[in-house]
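The values are calculated or read from the model by the stated rules, or taken from the named source; none is laboratory data. As the structure is a prediction and not an experimental result, all values here were calculated from the model. FYI the Cβ positions are ideal-geometry reconstructions off the backbone, even for glycines, and counts take in every protein chain you see.
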Amino acid sequence: MHVVVVGGGVVGLTTAYHLAREGAEVTLVDARGTGLGTSEVNAGWVCPAESAPVPGPGVILKSMKWMLRPDSPLYIKPSLEPAFLKFLTGMWRHSNAKAQRAGFEGHLALAQETLEVFDDYRSDGMDFEMHTSGLLMAFKEEGNLEHHLDNLDLARRFGRDPRVLRGDEVREQEPLLSDEVIGGIYYPHERHLDPGALTRALAKRIAEMGVTVVEDAPVDEVETSGDRITAVRSGDRRFPADAVVLAAGAWTGKISQKFGMLLPVRPGKGYSVEVPKLGLRSAVNLSDAKVAVTPFHGRLRLAGTMEFGGLDENVNQVRVDAILRAPSSYFRGWNPPAEKVTARAGMRPMTPDGLPIIGRIGPMSNAYVSTGHGMMGVTLAPGTASALTELILHGRLPSALEPFAAERFTGQRRAVRSAA
């Protein structure tokens with residue numbers, strides 16, 4: 001079987017790898033270079049324990065307050081576009097405890113073997129920086145800490161083993177934390193990795209496996225015959241296919257109409273900056289400020305913000321400065337860099353319910369989609385790729401994919417043979 005994967009981010013690259021490993025002939029087509037954008041500049045966390053969907057209790061009120069601050073963690077560009085208003089309405093409708101808990105459980109199931117798969121990648125010759133020191137969520141606000149205790153039973157059920165730390169217990173875990181931090185939750189099994197190194201390693205490995213990688217080829221046409229896609233095109237270049245996977249990240253919504261179904265995928269811009277090493281024991285989530293702090297060899301990455309606007313990667317310095325200020329109240333002796341640092345932006349693929357869209361798409365019998373992973377692309381990519389490969393090559397729908405069907409946005413369900 002010849003499968004064309006449209007999109008060369010972490011989701012597209014892992015999908016191409018798993019398909020090729022199972023014997024498929026694969027062509028990966030990307031509109032620019034592989035591994036760019038949010039796949040390269042994200043925090044690099046492998047954190048099933050932190051994979052609760054963005055919509056949740058209190059999000060609406062908090063969003064309204066943040067909208068009044070130009071340096072807040074969230075920005076929504078005003079727009080009367082019907083599709084955008086429908087997207088926001090859907091997000092607010094899912095901002096409740098029941099929906100968030102169900103989505104969190106779905107993410108945990110999808111990522112159940114993520115850590116083992118990353119170990120397999122390393123065993124298969126992929127060279128990328130990865131750390132196994134866990135993840136610490138740090139809180140300055142008691143109410144925020146209490147809110148995060150609600151779903152710890154799910155985290156425990158899926159083996160994440162959370163430890164709730166109060167007062168100085170959190171400083172015993174991370175001595176650099178200031179006295180303003182009143183507590184934390186430590187997840188000992190979570191990891192972090194260099195996402196740029198990961199995508200470069202994946203691209204190198206799939207090329208060694210015989211995958212054809214075509215860059216600078218935006219898909220502008222889909223050829224069909226009956227209920228099947230026969231090829232995708234980029235200008236005068238034609239890519240025949242027995243099956244097609246649409247994995248174009250934040251651009252998927254724009255492209256999905258060509259596949260017969262308009263998907264509600266919107267870009268959520270995030271930023272990251274590199275600063276000198278701080279000497280942290282693990283990755284740290286500055287939970288109240290919504291800033292991710294990731295220690296790599298010789299450097300520290302700060303990542304954060306969520307901007308709902310257009311498909312651009314322009315950098316807003318006001319929001320970057322807010323990211324750089326955030327650690328000052330969490331860490332002892334923190335000083336923002338004296339010189340201006342270079343910030344990079346990436347477009348996260350967001351959906352109204354905060355869940356990815358994975359499985360068959362539209363009326364075509366051989367068209368598939370894998371997108372909408374939001375801030376969880378690195379965490380969910382291996383499980384997504386493995387399950388989607390099972391569906392494409394063997395026609396069996398793994399139970400882990402059932403919550404993520406595209407048809408949940410149309411109210412229709414496709415009959416597919418399920419596999420436990």
Filter result (part of a loop (DSSP other than H, G, I, E, B), closer than 23 Å to V46 by Cβ and of a type in the set (A, V, I, L, M, F, W, C)) within the stretch 349-379: L355
Kindly establish whether A52 is surrounded by fewer than 22 Cβ atoms within 10 Å (Cβ to Cβ), of a type outside the set (F, W, Y), touching a residue at least 40 places away in the same chain (Cβ under 8 Å) and more than 30 Å from H131 (Cβ to Cβ). no
Being touching a Ser or Thr at 6+ places or on another chain (Cβ under 6 Å) and small (G, A, S), is that true of even one residue in the stretch 290-307? yes
Can you work out which of the residues in the stretch 329-353 that are out of contact with any helix residue (DSSP H, G or I) (no Cβ under 6 Å at 6 or more places or on another chain) and modelled with pLDDT of 95 or more is surrounded by the most Cβ atoms within 10 Å (Cβ to Cβ)? T351
So which of A289, A303 is touching a residue at least 40 places away in the same chain (Cβ under 8 Å) and in a loop (DSSP other than H, G, I, E, B)? A289
Name the residues in the stretch 234-255 that are buried (at least 20 other Cβ atoms within 10 Å of the Cβ), modelled with pLDDT of 95 or more and not aromatic (F, W, Y), would you? A241, A243, V244, V245, L246, A247, A248, G249, A250, T252, I255
Which of the residues spanning the stretch 26-49 are assigned to a loop (DSSP other than H, G, I, E, B), of a type in the set (A, V, I, L, M, F, W, C) and either more than 20 Å from H131 (Cβ to Cβ) or at pLDDT below 95 (or both)? A31, L36
Hits in the stretch 1-25 - residues which are touching a strand residue (DSSP E or B) at 6+ places or on another chain (Cβ under 6 Å) and surrounded by fewer than 24 Cβ atoms within 10 Å (Cβ to Cβ): H2, A20, A24, E25
Find the strands (runs of 3 or more DSSP E) located wholly in the stretch 74-176 whose residues include 1 or more that are more than 22 Å from I358 (Cα to Cα), modelled with pLDDT under 95 and not small (G, A, S), and list them. 74-76
How many residues of the stretch 10-25 are under 20 Å from V222 (Cβ atoms) and not in a helix (DSSP H, G or I)? The answer is 2
Which numbered condition trips up D120, out of (1) among the charged types (D, E, K, R); (2) without any contact (Cβ under 8 Å) to a residue 24 or more places away in the chain; (3) in contact with a strand residue (DSSP E or B) (Cβ under 8 Å, 6 or more places away or on another chain)? (3)
